[in-house]
1. Quick one: plug the Kirkwood hydrodynamic radius of region 95-193 (C-alpha pairs) into Stokes-Einstein at 25 °C, 0.890 mPa s, and report D in µm²/s.
2. Where in region 15-122 are there GluC sites (Glu not before Pro) that are in a DSSP coil and have at most 14 other Cβ atoms within 10 angstrom of their Cβ?
3. With the crude spin-label approximation of a point 7 Å out along Cα→Cβ, what separation in nm comes out for Ser123 versus Arg24?
4. If the chain between Arg13 and Ala136 were fully stretched, how many nm would it gain, using 0.36 nm times the residue separation less the Cα-Cα distance?
5. Please label the shape of region 31-116 as rounded, prolate or oblate, based on the square roots a ≥ b ≥ c of the eigenvalues of the alpha-carbon gyration tensor (a/c under 1.5 means rounded; beyond that, a/b larger than b/c means prolate, else oblate).
6. Under Stokes-Einstein, with the Kirkwood radius over Cα pairs standing in for Rh, what whole-number D in µm²/s applies to the chain at 20 °C and 1.002 mPa s?
7. If you rank Thr195, Thr56 by how much accessible surface each has, with a 1.4 Å probe, what is the order from largest down?
8. Which net charge results when you count Lys and Arg as +1 and Asp and Glu as -1 among the other residues whose beta-carbon is under 14 Å from that of Val131?
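The values are calculated or read from the model by the stated rules, or taken from the named source; none is laboratory data. Treat the numbers as computed from the prediction; the structure is a model and nothing was measured. Quick reminder, even Gly has a Cβ in these numbers, built from the backbone with ideal geometry, and neighbours come from all protein chains shown. In case anyone asks, the SASA skips ligands and DNA or RNA and just uses the protein heavy atoms, side chains included. Shrake-Rupley method; radii C 1.70, N 1.55, O 1.52, S 1.80 Å.
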Amino acid sequence: MRNVNAAYLEWKRIVAGGHARRQRQSIELEGVTRLVRGFDPLIPTGLLQTRAYAETILRRCIDFVGGTNDLAEAVEARMQRQRVLREGVHQFHFLIGEPALYTGVGDDAVRIEQLEHLLELMSLTRLVLGVVPKTAEFLYTVTNFVMYDRRRVHVETATAQLTITQPRELAYYDKAFAALTERAVYANAARDLITAAMAPPSGVSA
């Protein structure tokens, strides 16, 4: 039970001290991690988000979970987190599902700006970004997760954050990420999917 309680932490408890505090905790964790890997089927992870996109996401989180309404401070903290992409000796490998390129977040201008930002980030030598096509073969029921080296995995549910540290469970996330990597496309193929998502729907003029 102690292991379960340590691994399962409700959002109400996590954000009791504010949403910005949670972002600052991520700064500390990412700062001591050499390799960050993650997958999200519906949105780009926080480290890849533009300010406008992050503001919309965090506003929805505050509305849904509750807690202190410290939106401006939380957005600023998330932007500060992103310095790790360009500082230190960290490496990053992120996968997003192709549907994430189309998820409505704010108005269409916010989404397009986010996609342009992804294209820009792909030039970073320490960042590998892949897109898992919607036609990719089914793997298993896989939700969003972030892996910190090979010692911790965070999984977000509607009610809580799970912190996975058991080696036998970490091995499954390693296995899942490896399989998703095989299904993902990279470089020009990923750029093509992102660029296609920026085009207006068929029959609609730009």
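1. The calculation lands on 163 µm²/s.
2. Counting only loop positions with at most 14 other Cβ atoms within 10 Å, the GluC sites (Glu not before Pro) in region 15-122 are Glu87.
3. 3.4 nm
4. On the way: separation 123, 0.36 × 123 = 44.28 nm, distance 3.68 nm.
Once the chain is fully extended between Arg13 and Ala136, it gains 40.6 nm.
5. Details: a/c = 1.79, a/b = 1.20, b/c = 1.49.
Oblate.
6. D = 120 µm²/s.
7. Final ranking, largest accessible area leading: Thr195, Thr56.
8. With Lys, Arg at +1 and Asp, Glu at -1, the neighbours total -1.
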